[in-house]
1. Say whether the condition of being assigned to a helix (DSSP H, G or I) and either modelled with pLDDT of 75 or more or farther than 30 Å from Leu197 by Cα (or both) is met by at least one residue in the range 57-68.
2. Taking the condition of being closer than 17 Å to Asp191 by Cβ and open to solvent by 10 Å² or more (accessible area, probe 1.4 Å), how many residues in the range 41-51 meet it?
3. Taking Met1 and the conditions (1) assigned to a helix (DSSP H, G or I); (2) among the aliphatic types (A, V, I, L, M); (3) touching a Phe, Trp or Tyr at 6+ places or on another chain (Cβ under 8 Å); (4) at pLDDT below 85, which numbered condition does it fall short on, given that it satisfies the others?
4. Considering only the range 339-394, give the helices (runs of 4 or more DSSP H) lying wholly within it that have at least 2 residues that are at pLDDT 95 or above and either in contact with a strand residue (DSSP E or B) (Cβ under 6 Å, 6 or more places away or on another chain) or among the hydrophobic types (A, V, I, L, M, F, W, C) (or both).
5. For Ser31, which of the numbered conditions (1) at pLDDT 90 or above; (2) within 23 Å of the chain's Cα centre (by Cα); (3) surrounded by fewer than 20 Cβ atoms within 10 Å (Cβ to Cβ) fails to hold?
6. Does Pro214 satisfy the criteria of being modelled with pLDDT under 80 and not β-branched (Val, Ile, Thr)?
7. Look through Leu249, Leu253, Leu239, Leu228 and report the one residue that is assigned to a loop (DSSP other than H, G, I, E, B), modelled with pLDDT under 90 and open to solvent by 10 Å² or more (accessible area, probe 1.4 Å).
Amino acid sequence: MTSASGGADMVDWNLAVATATRLVRPGPEVSRAEAAAVVAELRRHALEAEEHVRAFTGMRSSSLVAAAATPVLVVDRPGWVRANVAGFRTVVQPLVEKLQARRANSAAAGVFGAVGEKATGIEVGALLAFLATKVLGQYETFAPAEPSLEAPDSPAALFDKPRTGPEGPGPGRLLLVAPNIVHVERELDVDPSDFRLWVCLHEETHRTQFTAVPWLRDHIQSEVQSFLAETDVDPGALLDRLRDAAGSLGAGLPGTGGRESREGASSANLLEIVQSPAQREILGRLTAVMSLLEGHADVVMDGVGPAVVPTVAEIREKFQQRRDRGANRLDLVLRRLLGMDAKLRQYQDGAVFVRAVVEQVGMEGFNRVWTSPNTLPTKDEIHDPAAWVARVAR
């Protein structure tokens, strides 16, 4: 999937954005006045959530500059696409360079070169169009450095418009996807203002995690880069792994009757089936830290909720029912392939870990998890909070 033109990218990112923008489904119908009110309220709630999260967790940004350098952007679905394209370009650059080197030194790389950056751009765009309807909010750990915004299309533009071009890695930014938030609050039939603040509490927790723990971003970036460095770009090896995994992946899909579908225990997805043993080890560490971050955010949003979100119990119950119901068969297949079902398990496993640790040693004891990479829970400790407490908190 290197550039057919020999360019610097393996993906035509501009074509990916154009494809996703064309394919993405429109958001819920709202008047311009209603949309403006939603955007303004989300901005207010994001500011309000910051103080609630800090008071509940005891975590403070390392400096006011660090907090100010991670902006909150309210975006529409195309804006989310542009923001994530910028993040992808930042993260995958080492893999691009590796693929380019292989293409220059090996005739086998012509298999990938024949695909071309434009075909890959269309594929990435289609994937982003699907994901753009699912995300309520997102902390972009690997957002490009400022300038992070393009000029709005008009002086009356409602949404922030993230850049797609690479400016190098920046400190991160928080995205709130307004159309998706409105869609879910209507689907759940909950109080809109309460739901918007509840979502902001979750996403602001992620922003606080990264601004209050200076080493966290570099640690995750190092793990991701190590994962990419272990990527086997040999076409034959990739095809062998895909063939080996095809049967087990199909057997675990809903309705196929496989053992994994009956037990509901499979975690195979498109990322996992092409991994080397070294990558699985790295991904185990990444899974543990992401479970921690997601579970912590879920615990905080529900912990703060009763004091500032009057209908939080109703919101949590309906939201959890929505998660449990899942989606139609096509959605389930796509979620499985993309690892989105694993994301839901991260919320659940991480929240159980955080609640258990806080119950045993209090919030101050739990906050020792942020001391260094060595105090992060392992993948096994996520499922055995007492082991982490014995190793670290005591």
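The values are calculated or read from the model by the stated rules, or taken from the named source; none is laboratory data. In this text the structure is predicted, and so the values were computed from the model without any measurement. Note: ideal-geometry Cβ built from the backbone for every residue, glycine included; neighbour counts use all protein chains shown. What goes into the accessible areas is simple: the full protein's heavy atoms, side chains included, and nothing from ligands, DNA or RNA. Shrake-Rupley method; radii C 1.70, N 1.55, O 1.52, S 1.80 Å.
1. For the range 57-68, residues assigned to a helix (DSSP H, G or I) and either modelled with pLDDT of 75 or more or farther than 30 Å from Leu197 by Cα (or both): present.
2. 4
3. Of the numbered conditions (1) assigned to a helix (DSSP H, G or I); (2) among the aliphatic types (A, V, I, L, M); (3) touching a Phe, Trp or Tyr at 6+ places or on another chain (Cβ under 8 Å); (4) at pLDDT below 85, the odd one out for Met1 is (1).
4. It comes to 340-366, 385-388.
5. Tallying (1) at pLDDT 90 or above; (2) within 23 Å of the chain's Cα centre (by Cα); (3) surrounded by fewer than 20 Cβ atoms within 10 Å (Cβ to Cβ), Ser31 fails exactly one: (2).
6. No: the conditions fail for Pro214.
7. Values: Leu249 fails: assigned to a loop (DSSP other than H, G, I, E, B); Leu239 fails: assigned to a loop (DSSP other than H, G, I, E, B); Leu228 fails: assigned to a loop (DSSP other than H, G, I, E, B).
Answer to the check: Leu253.
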